[in-house]
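What follows is a short report on a single structure.
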Amino acid sequence: MADSQQPRQSGRLPRLFVFSGAGLSAESGISTFRTGDGIWSHANLDEVCNYLTWRRNRPAVFRFYNQRIAECGDARPNAAHQLLAQWQHAWGTERVHLVTQNIDDMLEQAGARQVTHLHGDMISLLCTECDYRFPASGAGLDPQAACPACGQVEGVKPGVVFFNEAAPEYETLWRIQRDMTAHDLFIAVGTAFEVIAPERLLPPERYGRYERNFLVDPSPRRAECFGVVQAEPATVGLRNIEPVIERMMMGG
């Protein structure tokens, strides 16, 4: 259903909030950072992802993230990315909010028009001198790229949020938690909740097995917070709940 054909919002139609983690992109061949044999089990965090030390390790930092970009070079959006983008296209960005911990751009490549990246992304650079974020040019991150706003080079870092660095988009997350109503839908997909617990995502009245809380993950954790649990990969689990999501989004 295109946006132009969308029913007028009466104030009673629910919104859909989707919170995704690395499991959403795992089926696209993108390595996870934490789960199992993840990237953080091999990399030195203090060297490549610490805001307090990154300047003295700047060459290693850029080398590390350019390696991640190269590894993702052949990755393509999977059916889960495509379905989420389809839902946002169908019901609009005012009703479908996509919030991800992932730093890839698979959702955007799938056609999503608005995605909140809580931990930044690998397709931008951030000037720490003037706080200006700008798109990377070319296939990787250029360590010699100058900030278009202030001309700084040495203060420019990858657009990924490092440990000990402020994460401004968390304000969006807290605003969603405050604004979520009993009528809205919430889906957590592909996350182990190691960084952000369900209690920091859901308003208190939705704690427990609330019927409009959905969890999709092959090894679900914190299942006691969700009324519907799909112990499946993202592509399978989202398709399984697609009929009920569409019914509820239409007011059913």
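The values are calculated or read from the model by the stated rules, or taken from the named source; none is laboratory data. Predicted, not measured: the structure shown is a model, and the values here were computed from it. Don't worry about glycine lacking a Cβ; one is built from the backbone with ideal geometry, like all the others, and counts go over all protein chains shown. Accessible surface areas use protein heavy atoms only, side chains included; no ligands, DNA or RNA. Shrake-Rupley method; radii C 1.70, N 1.55, O 1.52, S 1.80 Å.
Extending 7 Å from the Cα toward the beta-carbon at both ARG239 and ILE123 defines two label points whose distance is 2.5 nm. For segment 57-118, GluC sites (Glu not before Pro) meeting the loop criterion (DSSP other than H, G, I, E, B) and having at most 15 other Cβ atoms within 10 Å: GLU94. Sort segment 161-229 into rounded, prolate or oblate with this rule: let a ≥ b ≥ c be the square roots of the eigenvalues of the Cα gyration tensor; rounded if a/c is under 1.5, and if a/c is not under 1.5, prolate when a/b is larger than b/c, oblate otherwise. Oblate.
Residue by residue, segment 77-91 carries 3J(HN,Hα) couplings of x, 9, 5, 5, 4, 5, 5, 5, 5, 4, 5, 5, 5, 5, 10 Hz when phi is fed to the Karplus relation 6.51 cos²θ - 1.76 cosθ + 1.60 (θ = phi - 60°); x denotes Gly or Pro. The GNM of the chain, with springs linking C-alpha atoms under 10 angstrom apart, assigns the highest mean-square fluctuation among ALA60, ALA85, ALA22 to ALA60. Electrostatic bookkeeping for ASN213 treats Lys and Arg as +1 and Asp and Glu as -1; over the other residues with beta carbon under 15 Å from its beta carbon, the sum is +1. With a Förster radius of 41 Å applied to the beta-carbon distance between ASP131 and ARG222, the computed FRET efficiency rounds to 0.75. Angle of helix 170-179 to the longest C-alpha principal axis of the chain, folded into 0 to 90 degrees and rounded to 10: 10°. Across SER25, SER137, the residue with the most accessible area heads the list, and the full order at a 1.4 Å probe is SER137, SER25.
Using θ = phi - 60° in the Karplus curve 6.51 cos²θ - 1.76 cosθ + 1.60, the 3J(HN,Hα) couplings for segment 71-76 round to 5, 8, x, 9, 6, 10 Hz; x is entered for Gly and Pro. Once the chain from ARG200 to ASN44 is taken as fully extended at 0.36 nm per residue, the excess over their C-alpha distance is 53.3 nm. A Gaussian network model of the chain, with springs between Cα atoms under 10 Å, assigns the largest mean-square fluctuation among ILE187, ILE176, ILE30 to ILE176.
Only Lys, Arg, Asp and Glu carry charge here, each on its Cβ (+1 for the first two, -1 for the last two); on that basis the chain has a dipole of about 440 debye about its Cα centre. Close amide-amide hydrogen proximity is noted between SER124 and ALA136, GLY159, each under 5 Å apart and 5 or more residues distant or on a separate chain (H modeled in the peptide plane; Pro and chain starts excluded). Residues in the chain average 47 Å² of solvent-accessible surface per residue, probe 1.4 Å, ligands and nucleic acids excluded. What nm value, rounded to one decimal, do you get for the distance between ARG12 and ALA70 when each label is placed 7 Å out toward the C-beta? Simple spin-label model gives 5.8 nm for this pair. Counting protein heavy atoms only, the chain has 48 percent of its accessible area on carbon and sulfur, 1.4 angstrom probe.
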